[in-house]
1. Modelled label-to-label distance, Glu204 and Arg15, 7 Å Cα→beta-carbon offset: nm?
2. Could you work out the helix-only [θ] at 222 nm for the chain, with each DSSP H run of four or more residues adding -39,500 (n - 2.57) and the total divided by the number of residues, to the nearest 500 deg cm²/dmol?
3. Given a Förster distance of 25 angstrom, what is the FRET efficiency for Glu175 paired with Asp216, based on the Cβ-Cβ distance and rounded to 0.05?
4. Would you list His126, His234, His223, His252 from fewest to most Cβ contacts within 10 Å?
5. Please list the non-local residues whose amide H lies under 5 Å from the amide H of Glu190, H modeled 1.01 Å from N, same-chain partners needing a gap of 5 or more.
6. Neighbour counts of other C-beta atoms within 10 Å: give me Ser16, Ser21 arranged from fewest to most.
7. DSSP loop (so not H, G, I, E, B), at most 13 other Cβ within 10 Å: list which trypsin sites (Lys or Arg not before Pro) in segment 136-244 pass both filters.
8. Which of (1) 140; (2) 120; (3) 149 is the computed volume of the Cα convex hull per residue in Å³ for the structure on display?
Amino acid sequence: MTELSAAHDAAVTDRSRLAGSAYNSDRDLAARQSLYQWQTPRYDLPGIVAEQLRDVRGRVVDVGCGNGKFIRRLHEDRPDLALLGLDIAPGILAGVPGRVAVADTTRLPLATANTDAILALHMLYHVPDIPQALREMSRVLTRDGLVIASTNSDRDKAELDDLWQRAAGDVLGTERGPARISLSARFSLEKAPAFLGEVFSRVETIELPGTITVRDAEPVIAHMASYRAWADQHDVPFEATIERARTVLVDHIARYGAFAVTCLGGILVCRR
């Protein structure tokens, strides 16, 4: 492991950073989620998850539930389920409906074989020991239980990476600046099946490709600014780079009428 990747992993998985800054409220997470309203095709991700749970009865636990986007939908669509939301960040749980608790995914406060399904949606890349987290999920699952995970591809939103490096280069007076941090890199859509395959015998990947097209810079800038908890990891003045990216993006939209971002995320449905 290189020094750079070790520093990246430490920053992405640092519990005090996650609970105290990145997810102490849902402001930044909501900014990242809201960008997808400009994506085509539009995916109803909570609806897709609910459909995957169509044959599940009993207890469903959302580990790393964040601001409760998926739990809220399941309360509406599946009131028959016993839902529990878990997260390491107390602040982000404030608005989550129903039963919630502060918990670590690598040490789940659940009895063995008492959970019928587990959701791990866009969160496993924040777990320091991913294999241990998956073993814990397997431990608490019933024999016929399933896990639904989600993440992004290594190729997701490459245009935002390019915009950041161009803006950072302008700030630093170089051709291109350093890359921005990638949250999903440790458990990307390309890497996830190998992790999951160590614990589960059946892993189905459902890719969700799309294109986000904006005609106003602000949704993209809000998304980029939502990484402020990792500002110290970018080797460039963060706020100055955000402002430069805004200028570059406004000029691009004025010239071409829109800015397009290519997306590739997906869900992984796992069974024993």
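1. Inter-label distance under the simple model: 3.5 nm.
2. On the way: 9 runs with 95 residues, N = 272.
Computed mean residue ellipticity for the chain: -10500 deg cm²/dmol.
3. Values: r = 28 Å, r/R0 = 1.12.
It comes to 0.35.
4. Numbers: His126 24, His234 17, His223 21, His252 14.
Ascending Cβ contact count within 10 Å gives the list His252, His234, His223, His126.
5. Here Asp154 satisfy the definition.
6. Values: Ser16 8, Ser21 17.
By the 10 Å Cβ count, ascending: Ser16, Ser21.
7. Details: sites: Arg139, Arg143, Arg155, Lys157, Arg166, Arg176, Arg180, Arg186, Lys191, Arg202, Arg215, Arg228, Arg244; in loops: Arg155, Lys157, Arg176, Arg180, Lys191, Arg215.
Sparse-neighbourhood loop trypsin sites (Lys or Arg not before Pro): Arg215.
8. (2)
Just so you know, all these numbers are worked out from the coordinates, no wet-lab data involved. This is a predicted model, so every value here is computed, not measured. A quick note on method: Cβ atoms are made from the backbone with ideal geometry, for glycine too, and the neighbour counts reach across all protein chains shown.
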